[in-house]
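Written below as structure tokens is the structure these notes are about.
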Amino acid sequence: MSPPRLSVTGLACSRGDRLLFSGVNFDIGAGELLLVQGGNGRGKTSLLRLLTGLATPLAGQVRWRGEPIERVRERYHAEMAYVGHLNGIKDELTPLENLRMAAGLAGRRLDEAQAEQTLERLGLAHCLDLPARVLSFGQRRRVALAGLLTAGALLWILDEPLTGLDVHGVALVESLLQEHVRAGGLAVMTTHQPLQLANVPIQRLRVGDADLTPAETMSAGQ
Amino acid sequence: MGRFLLTVIRRDLLLAARRRGDWLTAQAFFVMVVSLFPLGIGADPQLLRSIGPGVVWVAALLASLLSLARLFADDHRDGSLEQMLLSPEPTVLIALGKALAHWLIYGLPLLAIAPLLGLQFALPAEAIGVLMASLAIGTPILSLLGSVGAALVLGLRGGGVLLTLIILPLYVPALIFGAGAVDATLAGTGAQAHLSLLGAFLLMCLVVSPWVAAAALRVSVE
């Protein structure tokens, strides 16, 4: 099996009849993090959804380990974890049940001790048995991030993982990212907050600048 | 593969158990609709007997529509559907599992209530037996076909009405053979032919509808 590598060539995406971006290229390998940047409505989320395979591009190709992702869907999805705007957790279930259910749906087994440990690590030790309905926005976000850890994936695709998190939460996510990337993982993420990662090479990609008017470009560059 | 299917079913059963109100509403709706007819039409046993099978079947169709609108919608809203589609396991099994869970939750209880409702329509014991047999074969059809409709209208505004328009015509064969089986018993010609056709229709739905629903889910989530 070829080494883990996410490469994108000539990716284009449209919403309705408006072209969001085109000609997006990048290539990241083990131990690299790609930060996708761009203003609101520029297509960052759309780009990430194309990378997950949930959406199909207008043009271009996403390759994982050198193969188009639609051809190796099962293996790609087994090695990839996505946290989107929506947390994907059920209000009726407790964080513990949510994690174990999510693992089951991904075709994995997750024992209770391990799920508990992960939730404790994310600072949810005191709400293991509460239905997710009564948790705060930030706490649900933490449950979703716990799911990311238990997935044990090689590639993380994170859409604004820091929204709703407090200072400790942000620091926690930063340390998780650092750990993941240093252990040879790959990450593609978006965020509007400054990211502090020591010793982690960050590639940056700006999307959707093609249709910016000059005035906007100036303000975006400031 | 079988274990994954069971996981999908178990998940929906657990969620339904945590949300019993919805379940009761659908069953109460079925009983109400059927019970209104004897009250409105009057107590002529001959007349009631001839409309009984049709009324029970039409009420079963409407009751299934009531719950189908939420089959995928809740999972879509909280993002767990996205996560399910990113599972390395086949989407077809998710669609099939959710349809089967829907039948266990909403279809199977109708079978238990049907004998009582049959008595309201002065149906003889033999006809009630056939009514139950026709519902046992027919209600899975409603869940399977319904899952296709629910996947198609996912995320559309006013999806509930559209779902009704898409699905009710597809239910017609089940209604004709289902109610027809009971009518045939009452007329003394035997229900065998109707039940066989209903069974054939069920097998066809079992084979085809999960694939269609899975494809529709992928399109709807995009």
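Restricting attention to region B:36-91 and to residues that are touching a Phe, Trp or Tyr at 6+ places or on another chain (Cβ under 9 Å) and charged (D, E, K, R), the residue that is farthest from the other protein chains (Cβ to nearest Cβ) turns out to be B:Arg49. Condition check for A:Ala12 on (1) crowded, with 18+ Cβ neighbours inside 10 Å; (2) away from chain B (no Cβ under 14 Å); (3) closer than 16 Å to B:Glu222 by Cβ: one failure, at (1). For region A:68-110, a tally of residues being free of Cβ contacts under 8 Å to residues at least 12 places away in the same chain and not β-branched (Val, Ile, Thr) returns 10. Under the condition of being outside any loop (DSSP other than H, G, I, E, B) and either more than 10 Å from every other protein chain (Cβ to nearest Cβ) or over 17 Å from A:Leu148 (Cβ atoms) (or both), the residues counted in region A:124-136 number 5.
Considering region B:1-32, the residues that are in a helix (DSSP H, G or I) and in contact with an Asp or Glu (Cβ under 8 Å, 6 or more places away or on another chain) include one that is nearest to the other protein chains (Cβ to nearest Cβ), namely B:Arg18.
Quick one: how many residues across region A:1-40 are part of a loop (DSSP other than H, G, I, E, B) and in contact (Cβ under 8 Å) with a residue 24 or more places away in the chain?
Qualifying residue count, region A:1-40: 9.
Within region B:107-151, being closer than 22 Å to B:Ala193 by Cα and polar (S, T, N, Q) holds for B:Ser134, B:Thr139.
When we screen A:Ala106, A:Ala144 for residues that are modelled with pLDDT of 90 or more and within 9 Å of chain B (Cβ to nearest Cβ), the only hit is A:Ala144. In region B:118-134, the residue that is modelled with the lowest pLDDT out of those that are within 19 Å of the chain's Cα centre (by Cα) and surrounded by 24 or more Cβ atoms within 10 Å (Cβ to Cβ) is B:Gly118.
Checking each residue in region A:63-89 for being in contact with a strand residue (DSSP E or B) (Cβ under 6 Å, 6 or more places away or on another chain) and either of a type in the set (S, T, N, Q) or closer than 16 Å to B:Met84 by Cβ (or both) picks out A:Tyr76, A:Met80, A:Ala81, A:Tyr82, A:Val83, A:Gly84. The residues of region B:181-220 that are part of a helix (DSSP H, G or I), among the small types (Gly, Ala, Ser) and surrounded by fewer than 22 Cβ atoms within 10 Å (Cβ to Cβ), listed by number, are B:Ala184, B:Ala187, B:Ala193, B:Ser196, B:Gly199, B:Ala200, B:Ala214, B:Ala215, B:Ala216, B:Ser220. Looking at region B:71-78, is at least one residue part of a helix (DSSP H, G or I) and small (Gly, Ala, Ser)? Within region B:71-78 (the criterion being part of a helix (DSSP H, G or I) and small (Gly, Ala, Ser)), the answer is yes, since at least one residue qualifies.
Within region B:36-45, identify whether any single residue is of a type in the set (Asp, Glu) and part of a helix (DSSP H, G or I), and answer yes or no. For region B:36-45, residues of a type in the set (Asp, Glu) and part of a helix (DSSP H, G or I): absent. Checking each residue in region A:46-92 for being facing another protein chain (nearest Cβ under 9 Å), farther than 24 Å from A:Gly164 by Cα and small (Gly, Ala, Ser) picks out A:Gly53, A:Ala55, A:Ala78.
Take the residues of region A:149-201 that are among the hydroxyl-bearing types (Ser, Thr, Tyr) and more than 11 Å from the chain's Cα centre (by Cα): which is modelled with the lowest pLDDT?
A:Thr163
The values are calculated or read from the model by the stated rules, or taken from the named source; none is laboratory data. Values in this document were obtained by computation on a predicted structure and should not be read as measured data. Cβ atoms come from the backbone with ideal geometry, glycine included; neighbour counts cover every protein chain shown.
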